[in-house]
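Reading through the structure tokens given below for one structure.
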Amino acid sequence: MTEPRIAIIGAGIGGLACGLALQRAGVPFTIYEQASALTEIGAAIALSANGSRELARFGCLPGLEATSCEPTELIWRGWRDHTRVAAHPVRKDCAYRKTYGAPYFGIHRADLQKVMRAQLHGDVIRLSHRLTGLAETDQGIRLEFHGEDSDVVDLVIGADGIKSRVRDYVARPGAIRYSGTSAFRGIVPTKELPHLPDPHAIQFWMGPDAHLLHYAIGPDGGDVNYFAVTEGPDEWPDPERWVIEATREDHLKPFQGWDEAVTEMVSQSHHFARWGLFTTKPLRHWHKGRAVLIGDGAHAMVPHHGQGANTSIEDAVTLAGMIASEGLANLEGLLTRFARLRRVRTTAIQKSATATNHVLHLHDEADLQARAARLKKFPDEFGWIHAFDTSKVKSEPTRNIRLRAR
Ligand SMILES: Cc1cc2nc3c(=O)[nH]c(=O)nc-3n(C[C@H](O)[C@H](O)[C@H](O)COP(=O)(O)OP(=O)(O)OC[C@H]3O[C@@H](n4cnc5c(N)ncnc54)[C@H](O)[C@@H]3O)c2cc1C
């Protein structure tokens, strides 16, 4: 029997996870990545149990533990002062690991990619390969790359992120929408934040029309990665560019009058860019012919549950497991069932993440007691996201999740 020819487009989180899962199953593959090196500056990932348990199965746990920080607690606070609204232990007493069966990590994205890459054997990634076109042929699906290069494969897995070229082939145009919110991000040395209570916790500061999330990254929690979200602008000014110039004043203004821990953090930033937050509308089809989507290409979401990367890992492991056990003989059936397995959960998380934006941006006259009561019940409200384990889902996805998006 000839070996299947499988191409993964994109060596981001989903693409690397897909490679690791296929490698574990002994299925050959090649990853094509447009960048000339696997680095992304200035971004971090909160890796929750549903993602970290899969990476542990690939042998990544020692690498993750050596490069990341496990938060002490998950804490929500208001905006005026640092009174705790709700809190749950994470590293303390190993509470999170005991509940969800795997750790929670704050990690620099480049470190995460390095740890994942280190577990991939051989020369399986072709860098500087930007996919520009796809076409079905009698021999398979033909991939065109920028320059002269091309390849013909039996299956192409589009792990090429929110601006997916593979999605342009699979779905109708117009799949992306602006969320009406935008963000400022930064990484600040923890020692520069003397007013920050619980610097090694993952914390949300919530105020009218804005919130700030931060967590420590690096092995000793030496840096704090923050992500400050504000409502607006109503229309995104440039559909081609999702990161636009901003001034220092733009960056500081939404947080004027907030607790000193917050103003101190945002005022440390030296990069004043505004990130538009975009999502993928739920797609009718995740595949066409020999091309299938995983990760942000299929279901990009606002990052308020920290689940884009984690669900991309789940997609990758699920798809690779199906390929390993069924082969590609009935590709149409396999890809249809894959999307059915993954769609319910990812759509629920997308909706819940969008609804959470509203919860985090309540005005002072809103029912803040009700919000606090809900946040105190985090395991009941959001535990279904973290408890998920691909190895326990073989069919009938709706029985394995609870639709709590509201
Ligand atoms: C500010 C911010 C904070 C976030 N925080 C979190 C978090 O805490 N936790 C979490 O789980 N998620 C988080 N996310 C979301 C997460 O980053 C994404 O959901 C995740 O990276 C998606 O994985 P992916 O593999 O689909 O795409 P990506 O990781 O974006 O990878 C796509 C890859 O494809 C490559 N590529 C693109 N086009 C082509 C092409 N034509 N040819 C070849 N290669 C191509 C890209 O260069 C890239 O390497 C955050 C996102 C943002 C913006």
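The table that follows gives values for the structure above.
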quantity	calculated
Residues within segment 357-377 that are of a type outside the set (A, V, I, L, M), over 20 Å from the mean Cα position of the chain (by Cα), in a helix (DSSP H, G or I) and surrounded by 11 or more Cβ atoms within 10 Å (Cβ to Cβ), tallied	3
Of residues in segment 27-41 being near the ligand (Cβ under 10 Å from one of its atoms) and open to solvent by less than 30 Å² (accessible area, probe 1.4 Å), the one nearest to L328 (Cα to Cα)	I31
Residue list for segment 121-139, filter: open to solvent by less than 80 Å² (accessible area, probe 1.4 Å), within 30 Å of F58 (Cβ to Cβ) and outside any loop (DSSP other than H, G, I, E, B)	I125, L131, L134
Some residue of segment 6-26 being assigned to a loop (DSSP other than H, G, I, E, B), more than 16 Å from the ligand (Cβ to nearest atom), in contact with a Lys or Arg (Cβ under 8 Å, 6 or more places away or on another chain) and modelled with pLDDT of 95 or more	no
Candidate set: segment 269-291, residues that are aliphatic (A, V, I, L, M) and either in contact with a strand residue (DSSP E or B) (Cβ under 6 Å, 6 or more places away or on another chain) or under 25 Å from D250 (Cβ atoms) (or both); chosen: the one nearest to the ligand (Cβ to nearest atom)	L277
Residue among G51, G63 that alone is within 10 Å of the ligand (Cβ to nearest atom) and surrounded by 20 or more Cβ atoms within 10 Å (Cβ to Cβ)	G51
Selection within segment 122-178 - more than 9 Å from the ligand (Cβ to nearest atom) and touching a His at 6+ places or on another chain (Cβ under 8 Å)	D149, V170, A171
Selected residue [over 16 Å from G306 (Cα atoms) and without any contact (Cβ under 8 Å) to a residue 60 or more places away in the chain] from D238, D209, D220, D198	D238
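Here's the yes/no breakdown for (1) crowded, with 23+ Cβ neighbours inside 10 Å; (2) under 21 Å from I176 (Cβ atoms):
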site: Q307; (1), (2): yes, yes
site: G333; (1), (2): no, no
site: T336; (1), (2): no, no
site: I349; (1), (2): yes, yes
site: T354; (1), (2): no, yes
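The values are calculated or read from the model by the stated rules, or taken from the named source; none is laboratory data. Quick caveat: nothing in here was measured; it's all calculated off a predicted structure. Don't worry about glycine lacking a Cβ; one is built from the backbone with ideal geometry, like all the others, and counts go over all protein chains shown. We work out accessible area using only protein heavy atoms, side chains counted, and drop any ligands, DNA or RNA first. Shrake-Rupley method; radii C 1.70, N 1.55, O 1.52, S 1.80 Å.
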